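Single-structure report; data block below.
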Amino acid sequence: MRNFDLTIILPYCAKTIGEASLDVAHVLMTIAKHSKRLKKWEYISYLKKEENLIDLEKFDSETELAHSLAKQFIKSDGKYVRKYNKDVKVVTEDSSDWAGYRYWYVYKENKDVEYEITCNFGCPSGRNGMNIVVPETDENFLEWGPKVMNDLIDYFKPKYAGIYPWYFWKQLKDHQKLTLHPGWILYFPNDFDLPDMSEYEKVEDYKGIGKIYTLKDEKFVSDSRDQMLKWVETYKKFEVKYAQPASKEEETDGK
């Protein structure tokens, strides 16, 4: 399946299950606000026999929804979360020790087409954030997707965010260590020191806190591949600055 990805990367912040569930509730409600039909999500957990369908129309507020999500998470995945001792550095008592909390939801349009939301909150690594997968068949995504991204930027104040088509990832397979990837629409806070990419994208101020970078070819179809490849060359210029640290295996191989 060819998909679009809406990705939000967050700074690390220790959270309780209740706090993480409130964040997830906001994500679900925000998507439902901008795409009216995406209101019934299935929570994917290890308890396959449980009834995990979530109908957002049954909840009057994000707080009410968050309470339900927290109970559901504890029932299905709570055994994977341990309580911290107060002597350790993390101050919350029910944060997961390494992986944070993973909330995974699927909306099935039919047996071949589905949407997916993965939220990882409280993760001390670069995986702290969320990813929303939208099938390419959703012709309205480039209308509602940026609205969702902007709302989530306002709420989470992320490290960065972006909307990416499937073929960007395919073309970037030779640049696996590049932490930041060119996309259709990107958000970076003002403290990012990015090179001038105005040849390939338009840059707009976003509420004084950051900038939105949009690929100038606004048709966002396969015709923009050539332009995207030129854009990759610009990103490669700061690949070293924003590259992932080499793994121990890679360091060993290089000796």
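The values are calculated or read from the model by the stated rules, or taken from the named source; none is laboratory data. As the structure is a computational prediction, the values presented were derived from the model and not from experiment. Glycine gets a Cβ as well: all are built from the backbone with ideal geometry, and neighbour counts include every protein chain shown. With ligands, DNA and RNA removed, areas are computed over all heavy atoms of the protein, side chains included. Shrake-Rupley method; radii C 1.70, N 1.55, O 1.52, S 1.80 Å.
Points worth noting:
- Residue order for 215, 53 - accessible surface, 1.4 angstrom probe, largest first: 53, 215
- Judged by the gyration tensor of its Cα atoms, with axes a ≥ b ≥ c, the stretch 1-42 is oblate; a/c meets the 1.5 cut and b/c is at least as large as a/b.
- At R0 = 25 Å, FRET efficiency that the Cβ-Cβ distance of residue 53 and residue 75 yields, to 0.05: 0.95
- Taking amide H positions as modeled 1.01 Å from N, with prolines and chain starts lacking one, the residues under 5 Å from residue 114 and 5 or more places away or on another chain are 109.
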